[in-house]
Amino acid sequence: MTTAFIKPNTKAAHYGRVASLSAIEPPVWLTLLAQTVADGVVVDMEAEGLDHEGLAARLGSLQVRRAVILATGSHPSAHVQQASAAQALKAFITGRWGIPVDVFERLPFDPVQAGAVDWDRIALERYRAHNWHAWGRSDKAYGATFASVSCPFACDFCCVKDFYNSGYRQRDPALVAADIRALTAKGVTNIKMMDELFAMDNPGVRAVCEAITATGLAPRLNIWAYARIDTVNPPLLARLRAAGVRWLAYGIESGDEKIRGAALKGQFTNARIRDVVAMTKDAGIHVLGNFMFGFWDDDRASMEATLALAEALMCEYANFYCVSVYPGSQLYADMHGRGVDLPVSGEEYAQMSPAFKPVPTAHVTGQAVLAFRDAAFARYFSGAGYLAMMERVFGADTVAGIRAMTAINIRGTR
Ligand code: SF4
């Protein structure tokens, strides 16, 4: 008899036609939770490709006495997107077996105190890196670890503190190094540092970099992590690169300094962004820029400024999102107060889903924001200067992959 710890499968519903390009990330939180009971078995429906009937067969073979569903992926926003799928799954399991089922939409334990991940509980060969993360690499095997939870900042649109029910706290660097050693021993070198914000120059982060560097494995590692423009400097970037960090994802969000300053609760200029992106590339680290369209004060001109900034920065990869209004964020309270019709279901929150429901700004409709986002994606990744840079950095195969990506018709409208 076992306790099944289940991750719902929302891949096709949430990613639609770009599902094959997105990562399948090891369920670190679910695995740590499963480790808390002796008979815990991880059932990752997404990685195992299971629908409800497939899950039924799997649970039958396990002789399950209890099920625990964790409605979250690798990022806190996933708990909002997976909540309805988790409740549907609970109804299905209860109806079929009548066993107790617990659903958690927030972390029910403290990951910082949970020890090292027992990687033997999941089949690592089922996981794959994002397309961009594996550019220039011969394999896509994917792992993850974390050095902290939550975040010391308070961006308007962010719901991380709600998910962790906690402020920023750091993990023992030795545990991070243990995860890295275990993953590389299993042949996994593409690794996500799951921290909501890893790249900060503080003693804990410096200790993690030193612990990873001391493993001697860094030259083989391809780690990506989140950063902020106002939290990095050249010595920190050098430390990160020495520890095997090859990609940093910056939340740049808007090309309009006033909009960005209000949303991110941080003041950095477009000139500073340009300097930090150049500084990061100079340190031998690729840049992923995150940009958002649809802040409340956004209009056509400010969204155009955001895209123009992205094109000028020429990050090796760029994510273009519509602003999402997650419960638990300040933005949710603000938009609710304005009477805006907000998304409800997981599909309505999923940016790549055909059912995605964009929110309006004070000046343009939600559909206009979404159309701008899709056009921005196509324009950025088709740019002649960008493609020439990518060919120099990663080679012709990567450029062919980018062309194939931009040929995908996300919404079936062309
Ligand atoms: S820096 Fe990132 S994780 Fe932290 S509050 Fe802002 S968006 Fe959230």
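Read the figures in this text as sums done on the coordinates, not as results from a lab. Quantities reported herein were computed from a predicted structural model and do not represent experimental measurements. Every residue, glycine as well, gets a Cβ built from its backbone with ideal geometry; the counts of neighbours run over all protein chains shown.
An ellipsoid equivalent to the chain, defined through the eigenvalues of its Cα gyration tensor, has semi-axes of 32, 27, 21 Å when rounded to whole angstrom and sorted largest first. Rounded to whole numbers, the Karplus 3J(HN,Hα) couplings from phi for the range 126-134 are 7, 9, 9, 6, 4, 4, 5, 5, 9 Hz, using 6.51 cos²θ - 1.76 cosθ + 1.60 with θ = phi - 60°, and x at Gly and Pro.
On full extension, the segment bounded by D341 and A154 gains 64.9 nm, given 0.36 nm per residue less the C-alpha separation.
In this rough spin-label picture, where each label sits 7 Å from Cα along the Cβ direction, the E348-L62 distance is 3.1 nm.
Taking Cβ separations below 4.7 Å as the criterion for a possible disulfide partner, the isolated cysteines in the chain are C151, C159, C209, C315, C322.
Helix-only mean residue ellipticity at 222 nm, the chain, DSSP H runs n ≥ 4 weighted -39,500 (n - 2.57), per residue, nearest 500. What is it? Helix-only estimate at 222 nm: -12500 deg cm²/dmol. About its Cα centre, the range 128-406 has a charge dipole of approximately 880 debye under the convention of +1 per Lys or Arg Cβ and -1 per Asp or Glu Cβ, with nothing else charged.
Here the residues M352, M45, ranked from fewest to most Cβ neighbours within 10 Å of their Cβ, fall in the order M352, M45. Remark: the range 197-214, residue by residue, has Karplus-estimated 3J(HN,Hα) of 8, 8, 7, 10, 8, 10, x, x, 5, 4, 5, 5, 4, 5, 5, 5, 4, 5 Hz, where x stands for each Gly or Pro and the curve is 6.51 cos²θ - 1.76 cosθ + 1.60 at θ = phi - 60°. For A355, put the label point 7 Å out on the Cα→Cβ axis and report which residues of the range 81-97 keep their amide N under 18 Å from it. The answer is 81-92, whose backbone nitrogens lie closer than 18 Å to the label point. Taking label points 7 Å from Cα along the Cα-to-Cβ direction, K258 and D299 give a separation of 1.0 nm. Extension gain for D334 to T269 (0.36 nm times residue separation, less C-alpha to C-alpha distance): 20.9 nm.
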